[in-house]
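I have placed the structure first, in the form of structure tokens, so that the comments after it can refer back to it.
The values are calculated or read from the model by the stated rules, or taken from the named source; none is laboratory data. Bear in mind that the values here come from a model prediction, so they are computed numbers and not experimental data. Every residue, glycine as well, gets a Cβ built from its backbone with ideal geometry; the counts of neighbours run over all protein chains shown.
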There are 2 protein chains.
Amino acid sequence: MKLGKWYVPVALGVILGLVAGSIVSYVSPAPTTEGEQAVSGAFVPPGKKDEYYMFASGGHSGQVYVIGIPSMRRIRTIPVFSRDSATGYGWDEESKKMLGGYTWGDLHHPALSETDGEYDGRFLYVNDNANNRAAMIDLKTFTTKQILGPIPNIMGPHSAAFVTPNTEYFMMATRFSVPMGGKYAPLDKYSKEYHGALSAQKIDQKTGKMKVAWQLKLPPWNYDLSDAGKKISGDWAFFTTYNTEEATELLEINASANETDYLVAINWKKAEQAVKDKKFEVINGVKVVDPTKVKGIAYLIPLPKSPHGVDVSPDGRWIVGSGKLDPTVTVYDFKKFIKAIEKEDFSGTKKGLPVVNFESVKEATVKVGLGPLHTQFGPDGYAYTTLFVESAVAKWKLGEWKVLDKVTVHYSPGHSSAAEGDTVSPDGKYLVALNKLSKDRHLSVGPSHPENMQLIDISGDKMKVINEAPIDPEPHYAQMVKADKIKPILKYEKDEKRPHSVWKKEDVRIEREGNHVTVHGLAVRTRFYPDKIEVNEGDKVTIYLTNIDLDQDITHGFAINLYDIDVEVQPGETKKIEFVADKPGVYPFYCSNFCSALHQEMQGYLLVKPKK
Amino acid sequence: MKLGKWYVPVALGVILGLVAGSIVSYVSPAPTTEGEQAVSGAFVPPGKKDEYYMFASGGHSGQVYVIGIPSMRRIRTIPVFSRDSATGYGWDEESKKMLGGYTWGDLHHPALSETDGEYDGRFLYVNDNANNRAAMIDLKTFTTKQILGPIPNIMGPHSAAFVTPNTEYFMMATRFSVPMGGKYAPLDKYSKEYHGALSAQKIDQKTGKMKVAWQLKLPPWNYDLSDAGKKISGDWAFFTTYNTEEATELLEINASANETDYLVAINWKKAEQAVKDKKFEVINGVKVVDPTKVKGIAYLIPLPKSPHGVDVSPDGRWIVGSGKLDPTVTVYDFKKFIKAIEKEDFSGTKKGLPVVNFESVKEATVKVGLGPLHTQFGPDGYAYTTLFVESAVAKWKLGEWKVLDKVTVHYSPGHSSAAEGDTVSPDGKYLVALNKLSKDRHLSVGPSHPENMQLIDISGDKMKVINEAPIDPEPHYAQMVKADKIKPILKYEKDEKRPHSVWKKEDVRIEREGNHVTVHGLAVRTRFYPDKIEVNEGDKVTIYLTNIDLDQDITHGFAINLYDIDVEVQPGETKKIEFVADKPGVYPFYCSNFCSALHQEMQGYLLVKPKK
């Protein structure tokens, strides 16, 4: 085989050197010493609760991690895209159906639902970079209630998730361009037959559920990060691109050739109108608008040096873009941008989309340091940019456009998450750096290290690292919300009309129809009714199991030995379990969730009579 | 259907009442106030490391949690019996084969390897209560290196894991009795055709790997917990039983009828000798010894009120058994036991096994409190018993046989774990209560609550709760080992002779043989070689991928969009990935483990050319 153009060793050396942390900061001020002695304020003593929930993506774990701040304790793992036997997620029929045959996902960016640009504590939306899906978690129960996808025409929707300021849409754009409609085309047709896409999912305000509303067809570039506009920019959304070089191999070199790639500014209200005006074609069952044909929807804003993060300030006016190979962030003024497009102050077009004049919209360039990736906001105009290569967080101020403080973190932060940081009114106080490398920071667990979260006190002039916690791979982004905004239920209602629920032992029954055995059973401390299920080899078995224990924290499990089944039934919940009894013999079933002093007695038998 | 004998409502009321925590301790001394204000000593500031590793079972998560003590930070989840996309475990060919088609496990009790009764930091052994398996984790890499099973003739090996004092054996006994040999028999044949079993796995001292050596056929009871003898009792192992009533339904009532069940004392050296003497039958391919026929192997010791835990003191002399419906623990003297069996001081036989005279072997009854489950040890003869119903830990002293202190925990502890607690020389200092319920202790995450670990300072006269952390379901037991005993490697060696490894770009190749495409590739910051893999629809594809980045913490991932594949390749490691290219089209692959500033550029394409 031909391996194509070979690697430039010098570039590799530079990158390795940078990542190894052997660099010296060349921007002032120098990092403060690390907060090794800082203790106060982060320890939450036994019996006290945390002030904030932080919802962190779990990356290729496919899950969401719920972390208490400031303690940094991981309170819960919410299974979303991967099966999770700890909660039986993926074994009962409802969750199995949601997962749709996929066994994992790459969950990158969580987005809390918003009302008027404030987190409202109702729903959490997440994206799956691996299998082109979106999911919704209901924060009443902390469980996944919808997985949508794979969504057609997009591929690796890394450039997500965010919701618009009143949770009208959950949007995501493709990281990888591919031939639209799932078709095959060789790579030498890349520039013509491959496309990027933005997919807009409309959200039902009552249920929180999404459906694909419309998409935009975009040039064959990589769309990386995104943010919703706020307030004055509320009708807009912003996406970063890289690889506008349209390279298909050796991206490390070939996608870093151009001096600038782009911010893509999307007017989603106008896109919505275009759909209403029937200005779309249907591709793979989805209404797709081509913004090169419908004007006013998409504009390109030049952004230097392989853009990564884009973040909109709380007032919606400043759009902060990071070129990861540039030691600066570039700040654009939304007001100037609106003026520029009104005046058609363009430097040209690229792939049919207008490119606005860089100098006309750029407000400032802030020299933050090496490898700037993402920016979060505090109150009073403070901004915090993570520096991957420099292993630091830079604090700077909107309007002043200069760095005021810098703190070293360990090591190589990706995103950070500020308290209420994505809202129109951030809290300040806490910022968590989500560091990709931990190296020597914790007891060693072999060649594969945990990620490392560090909690930074941002209440004073100087930032201070006050707490630190390892975490399983691999939080990419997180949102932090004031604890009192989240109002979970403690049990499911005793709904006597729920189909297949059984609340009284008198209603427990085993019924046979041909070779299909249906069990309506219940779990109660400390017994299953029934505790003997007799079937014949080859029977299909359906079990509906209701947990009638309505006390707080009395969850039961239902596991069958050697039948590879484990389901969790929360207080007041009904679960459906289905399998074919294809193995003859005697198989105990038991409560897999420690429930009481007689938990070990909570067992029964599945007896599978062999075929003659 | 007939549901059998109905529940006694009074019993339910009592149990619910107790569990609700509305009980008053009736044994002195009264619990101390909870350690809500206790702060000192538990907070590990940024940059400092923990003193101990705690290896906690993950219960029905199927995994092992590695927790730092005293910070209680979860440093790592080690996947064992369940797939784990965070580390790619279950997607590469080696781990897929180890899992053997099972998708989850119920991992109950971890056991560190020992030399002369001390943790030696080499291996960690665990059991799978769901699918009758045992696994070995190599503590050089913190990865699972062997899954053994399903092991024949045992069912739900809850009564595990422990290793003998020089890691000769890993033993586990069946919780559920079933017809031996995987046969079918109806429940009315329970007493005659169902059996319990103990399975002894011999451990290779060099590799740490197990193989099934021999088994004991036991009466059809439930075997619950176990512990290895130590020093003077080093040739022995002890198991608790319940349901010696041989009930097959309504165990909650029917298995609690007898005043006493038993401790089963097993002389494993004699069992080993019986095998050498060919005194076995082969059942399902395993050498099975019947201790009713070969004398001197198994003895029954009466233990009151539904036994649960059994724990052997550091000096090997005292065997502490807990009847979970009894407010006491019963302590037996191993020296008296040896005398009793020498003198044949038996009260009779049960199911062909001699029952030693209770009063002849019992040393003391310690009134610890309600719902005693498990006992751990400190130095100087101190013992710590968890009280599930009372939600407390009782401290008492060997020899004095009375409670010296009690501390409230939240809520309902199962096991606890003391520093070096299962060795011949426990450290004292720390004890972690593994509480099954957390209720209101943390920010609410809906109806399904986390478990709750509480760290108790046991260095003084009074115990003090000094830290607390929620944890995903469901740690059952944990072992805590001094940090300096564990010596992990930081990378895999650059082994140029390892089959299929590729260390130089010149050796990268794609080869086709018929419809089988084999790729020998490598991953290096920040590119895959090759980054284009062209195959035909229906081809079988095998990829060997070597991570040639040998710097600490530079792990790469390899994920293919929509092909449901995610694999982790640690520094210096080679992984094998195999799939059938059954979906035509263009599928990007990418590094799923953030590795450097140009991580987003680390991508390539799998092009699957459609059939004509």
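Things worth noting here:
- Those residues of the stretch A:252-278 which are farther than 18 Å from A:HIS109 by Cβ and either in contact with a strand residue (DSSP E or B) (Cβ under 6 Å, 6 or more places away or on another chain) or among the small types (Gly, Ala, Ser) (or both), in sequence order: A:GLU252, A:ALA255, A:SER256, A:ALA257, A:THR260, A:ASP261, A:TYR262, A:ALA265, A:ASN267, A:ALA271, A:ALA274, A:VAL275
- Test: A:GLY41 is in contact with an Asp or Glu (Cβ under 8 Å, 6 or more places away or on another chain) and at pLDDT 50 or above: yes
- Single residue of the stretch B:145-162 satisfying the filter (in a strand (DSSP E or B) and buried (at least 23 other Cβ atoms within 10 Å of the Cβ)) that is modelled with the lowest pLDDT: B:ALA161
- Among the conditions (1) surrounded by fewer than 17 Cβ atoms within 10 Å (Cβ to Cβ); (2) touching a residue at least 24 places away in the same chain (Cβ under 8 Å); (3) of a type outside the set (Lys, Arg); (4) outside the structural domain of A:GLU118 (by TED's automatic domain parsing), the only one that A:VAL264 does not satisfy is (1).
- Residues being in contact with a Phe, Trp or Tyr (Cβ under 6 Å, 6 or more places away or on another chain) and either facing chain B (nearest Cβ under 7 Å) or crowded, with 24+ Cβ neighbours inside 10 Å (or both) - total across the stretch A:84-103: 1
- Scanning the stretch B:435-464 for residues that are out of contact with any Ser or Thr (no Cβ under 8 Å at 6 or more places or on another chain) and either facing chain A (nearest Cβ under 7 Å) or outside any strand (DSSP E or B) (or both) yields a total of 13.
- Screening the candidates B:SER313, B:SER306 for the property of being at pLDDT 95 or above, under 27 Å from the mean Cα position of the chain (by Cα) and assigned by TED's automatic domain parsing to the domain that holds B:ALA257 yields one hit, B:SER313.
- Failed item, numbered, when A:ASP566 is tested on (1) surrounded by fewer than 21 Cβ atoms within 10 Å (Cβ to Cβ); (2) within 7 Å of chain B (Cβ to nearest Cβ): (1)
- Restricting attention to the stretch B:373-387, the residues being within 14 Å of another protein chain (Cβ to nearest Cβ) and touching a Lys or Arg at 6+ places or on another chain (Cβ under 7 Å) number 1.
- Residue within the stretch A:427-434 that is assigned to a strand (DSSP E or B), within 18 Å of the chain's Cα centre (by Cα), in contact (Cβ under 8 Å) with a residue 60 or more places away in the chain and over 20 Å from A:HIS158 (Cβ atoms) present: yes
- Pick from the stretch B:388-414, criterion within 10 Å of chain A (Cβ to nearest Cβ) and of a type in the set (A, V, I, L, M), ranking: farthest from A:GLY47 (Cα to Cα): B:VAL389
- Considered as a group, the residues in the stretch A:227-237 that are in contact with a helix residue (DSSP H, G or I) (Cβ under 8 Å, 6 or more places away or on another chain) and either surrounded by 24 or more Cβ atoms within 10 Å (Cβ to Cβ) or in contact (Cβ under 8 Å) with a residue 40 or more places away in the chain (or both) include one that is farthest from A:GLU281 (Cα to Cα), and that residue is A:ILE232.
- Boolean, A:PHE558 is over 30 Å from A:GLU118 (Cβ atoms), aromatic (Phe, Trp, Tyr), buried (at least 19 other Cβ atoms within 10 Å of the Cβ) and not assigned by TED's automatic domain parsing to the domain that holds A:MET54: yes
- Sub-6 Å Cβ pairs linking a first residue in the stretch B:118-147 that is within 14 Å of chain A (Cβ to nearest Cβ) to a second residue that is among the basic types (Lys, Arg) and outside any strand (DSSP E or B), at least 6 apart or interchain, are B:GLY121/B:LYS485, ordered by first then second residue.
- In the stretch A:168-226, the residue that is farthest from the chain's Cα centre (by Cα) out of those that are surrounded by fewer than 23 Cβ atoms within 10 Å (Cβ to Cβ) and at pLDDT below 95 is A:LYS183.
- Within the stretch A:179-193, considering residues that are in contact with a Phe, Trp or Tyr (Cβ under 9 Å, 6 or more places away or on another chain) and not in a loop (DSSP other than H, G, I, E, B), the one nearest to A:ALA271 (Cα to Cα): A:MET180
- Candidates B:LYS279, B:LYS270, filtered to the one that is at negative phi, over 27 Å from the mean Cα position of the chain (by Cα) and either modelled with pLDDT under 95 or surrounded by fewer than 20 Cβ atoms within 10 Å (Cβ to Cβ) (or both): B:LYS279
- Within the stretch A:592-612, tally of residues that are in a strand (DSSP E or B) and among the hydrophobic types (A, V, I, L, M, F, W, C): 3
- Residue that is surrounded by the fewest Cβ atoms within 10 Å (Cβ to Cβ), among those in the stretch B:238-261 that are in contact with a Phe, Trp or Tyr (Cβ under 6 Å, 6 or more places away or on another chain) and closer than 30 Å to B:THR423 by Cβ: B:THR241
- Filter result (of a type in the set (A, V, I, L, M, F, W, C), at the interface with chain B (Cβ under 10 Å from one of its Cβ atoms) and in a loop (DSSP other than H, G, I, E, B)) within the stretch A:475-519: A:ILE486, A:ILE489, A:LEU490, A:VAL508
- Among the residues examined, B:ASP582 does not qualify as at the interface with chain A (Cβ under 7 Å from one of its Cβ atoms), of a type in the set (Asp, Glu), within 20 Å of B:LYS96 (Cβ to Cβ) and surrounded by fewer than 20 Cβ atoms within 10 Å (Cβ to Cβ).
Each row is one residue, and each column tells you yes or no for (1) under 23 Å from A:GLU359 (Cα atoms); (2) away from chain B (no Cβ under 11 Å); (3) assigned to a strand (DSSP E or B).
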| site | (1), (2), (3) |
| --- | --- |
| A:THR207 | no, yes, no |
| A:PHE239 | yes, yes, yes |
| A:THR244 | yes, yes, no |
| A:ASN258 | yes, yes, no |
